[in-house]
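S.K.: Okay, handing you the structure first.
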Amino acid sequence: MRDAAEPHARDAEEAHARDAADPLAHFAAEFHYPRGVDGRRPIYLCGHSLGLQAKSVSTYVEQELTDWRQLGVLGHHAARNPWIGYHEALSEQLAELVGAAPAEVVAMNSLTVNLHLMMVSFFRPAAGRDCILMEKSAFPSDRYAIASQLRMHGLDAETHLIEIEPRRGEHGLRTEDLVTRIESLGERLALVLLPGVQYLTGQALELEPVIASARRCRITVGLDLAHSIGNTLLNLHDWNADFAVWCSYKYLNAGPGAIGGCFVHERHAHRFDLPRFAGWWGHDKETRFLMGPEFKPMAGAQGWQLSNPSILSAAPLRASLEIFRRAGLQRLRAKSIALTAFLQRAIENHLPGRADVITPTDPEARGCQLSIRLRGTPLQAKRCFALLTEAGVIGDWREPDILRLAPTPLYNSYTDALQAAEALARAARS
Ligand SMILES: Cc1ncc(COP(=O)(O)O)c(C=O)c1O
């Protein structure tokens, strides 16, 4: 007779074997783990919200504190990493993560601020072409930003914001539906704003054909990459997106409220005719300190900067990018695909009929994150999440009923994934 525990024992064996063979496993030791109330290390599956702190971060931040302490203002040029060009040192690695040239990216501000700056330049409504298309369940900040930009142009969201949602009974947006909608709206659209990975469902959109259809209709395309950068493979330059914005505190592990980033396609690098909000850090750096009254923007993404960047906020990003450089995004992605599939299988094995993963199963259509709907009443589902947290598994809950768990390839193991599924099953039973 087959032992009911047998498949679970096989899962444990498989987790151990996969961890032992994982060429990236050693990176986990480079991160700090929070401590639970009982002093134990929790299973941290929340990189989609706030990534863990790398141990090297304190060295990077300490370096800037030391240089500031010892050099004062001279640190702008004499610091070990001169502050005057600190942000530029981030560009090469950021460009690699998003599939762009270094001149197409810049680390600056935070995501929503960058989204506004981009829309000032790239949302240019004209008679008849004055609508924006976005997805219905977009992260609220994006919708607030868009509605306020529409108002700035004397337009209202009710008429000029068009929201697309998945078909009835489906969780993800189909590529063909996005393309058809874009092509049917055509001339009415001035801007399409889409996420790389949808924050609630974890769906990774198939960006290339969608961007291509918008470009055929001469519609500007912007992307919110909050849940994509450092998670999925991106090729923004070749895909021809007009602009993209991101934050660095999720998969990039750069700390709460860390400096964000922005991509502006090369074809706009010299569009000095575009309206833009200006600040001295976007001014031609050769003449910035001549302190002239006229703004002369730099070519490329840097021309959209406003202020000199926060070095203390950029230092953890620098530490993180150094880790990404060593790990390699391709290798991380390969592990991520296997790890997330393993977590999904473990959940299905341990909670048969009790939990529905609403994230697409196709690895091309998702990143690390799994979004899970627990069966039962909303109260039972929320209680289950509370018990899971008490058991030392850190995920998060998004109203009304979504549990998000993201095994991240830099610091999570297959054993983490299995133990999380086991804890979820115990929580669902009690
Ligand atoms: C998809 C998405 N867009 C925008 C934001 C807002 O980011 P910020 O507060 O850095 O502007 C977030 C924050 O989590 C997000 O997840």
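S.K.: Kindly evaluate Ala147 against the criterion of being within 15 Å of the ligand (Cβ to nearest atom), in contact with a helix residue (DSSP H, G or I) (Cβ under 7 Å, 6 or more places away or on another chain), under 25 Å from Gly202 (Cα atoms) and part of a helix (DSSP H, G or I).
M.R.: Working: within 15 Å of the ligand (Cβ to nearest atom): yes; in contact with a helix residue (DSSP H, G or I) (Cβ under 7 Å, 6 or more places away or on another chain): yes; under 25 Å from Gly202 (Cα atoms): yes; part of a helix (DSSP H, G or I): yes.
When the stated conditions are applied, Ala147 passes them.
S.K.: Still on this structure: Name the one entry in Ala425, Ala391, Ala386, Ala365 that is surrounded by fewer than 23 Cβ atoms within 10 Å (Cβ to Cβ), among the aliphatic types (A, V, I, L, M) and closer than 30 Å to Glu176 by Cβ.
M.R.: On the way: Ala425 fails: closer than 30 Å to Glu176 by Cβ; Ala391 fails: closer than 30 Å to Glu176 by Cβ; Ala386 fails: closer than 30 Å to Glu176 by Cβ.
One residue alone meets the criteria, Ala365.
S.K.: Sticking with this one: Taking into account only those residues within region 124-144 that are in contact with a His (Cβ under 8 Å, 6 or more places away or on another chain) and farther than 24 Å from Pro297 by Cβ, which is nearest to the ligand (Cβ to nearest atom)?
M.R.: As a first pass, look at region 124-144 and keep what is in contact with a His (Cβ under 8 Å, 6 or more places away or on another chain): 125, 130-132.
This time we only want the ones that are farther than 24 Å from Pro297 by Cβ, so: 130-132.
Working: Asp130: 24, Cys131: 21, Ile132: 16 Å.
Only one residue fits best here, namely Ile132.
S.K.: Here is a follow-up. May I ask you to list the residues in region 395-414 that are among the hydrophobic types (A, V, I, L, M, F, W, C), out of contact with any Cys (no Cβ under 7 Å at 6 or more places or on another chain) and closer than 27 Å to Phe324 by Cα?
M.R.: Just the residues of region 395-414 that are among the hydrophobic types (A, V, I, L, M, F, W, C), to begin with: 397, 402-403, 405-406, 410.
Checking the rest, the ones that are also out of contact with any Cys (no Cβ under 7 Å at 6 or more places or on another chain) come to 397, 402-403, 405, 410.
If the condition is that a residue be among the hydrophobic types (A, V, I, L, M, F, W, C), out of contact with any Cys (no Cβ under 7 Å at 6 or more places or on another chain) and closer than 27 Å to Phe324 by Cα, then Leu405, Leu410 are the ones that fit.
S.K.: Counting residues that are over 18 Å from Asp130 (Cα atoms) and within 16 Å of the ligand (Cβ to nearest atom), which strands (runs of 3 or more DSSP E) fully inside region 160-251 reach at least 1?
M.R.: 189-195, 220-224, 243-246
S.K.: Would you call Ser121 away from the ligand (no atom under 16 Å from the Cβ), in a helix (DSSP H, G or I) and under 22 Å from Arg276 (Cβ atoms)?
M.R.: yes
S.K.: Next question. Polar (S, T, N, Q), away from the ligand (no atom under 16 Å from the Cβ) and touching a Ser or Thr at 6+ places or on another chain (Cβ under 9 Å): does that describe Ser91? Reasoning before the result, please.
M.R.: Details: polar (S, T, N, Q): yes; away from the ligand (no atom under 16 Å from the Cβ): yes; touching a Ser or Thr at 6+ places or on another chain (Cβ under 9 Å): no.
So Ser91 fails the test.
S.K.: Considering only residues of region 252-276 that are part of a loop (DSSP other than H, G, I, E, B) and among the small types (Gly, Ala, Ser), which is surrounded by the most Cβ atoms within 10 Å (Cβ to Cβ)?
M.R.: So, considering only residues that are part of a loop (DSSP other than H, G, I, E, B) and among the small types (Gly, Ala, Ser), the one surrounded by the most Cβ atoms within 10 Å (Cβ to Cβ) is Ala254.
S.K.: Another question, then. Can you run down the residue pairs with Cβ atoms below 8 Å, 6 or more apart or on separate chains, where the first is in region 241-255 and within 17 Å of Leu205 (Cβ to Cβ) and the partner is near the ligand (Cβ under 9 Å from one of its atoms) and assigned to a strand (DSSP E or B)?
M.R.: Between residues of region 241-255 that are within 17 Å of Leu205 (Cβ to Cβ) and residues that are near the ligand (Cβ under 9 Å from one of its atoms) and assigned to a strand (DSSP E or B), the close pairs are Ala244/Asp224; Val245/Asp224; Trp246/Asp224.
Since every read-out is calculated from the coordinates, none of them should be taken as a lab result. Given the structure is predicted, the values throughout are model-derived calculations rather than measurements. Don't worry about glycine lacking a Cβ; one is built from the backbone with ideal geometry, like all the others, and counts go over all protein chains shown.
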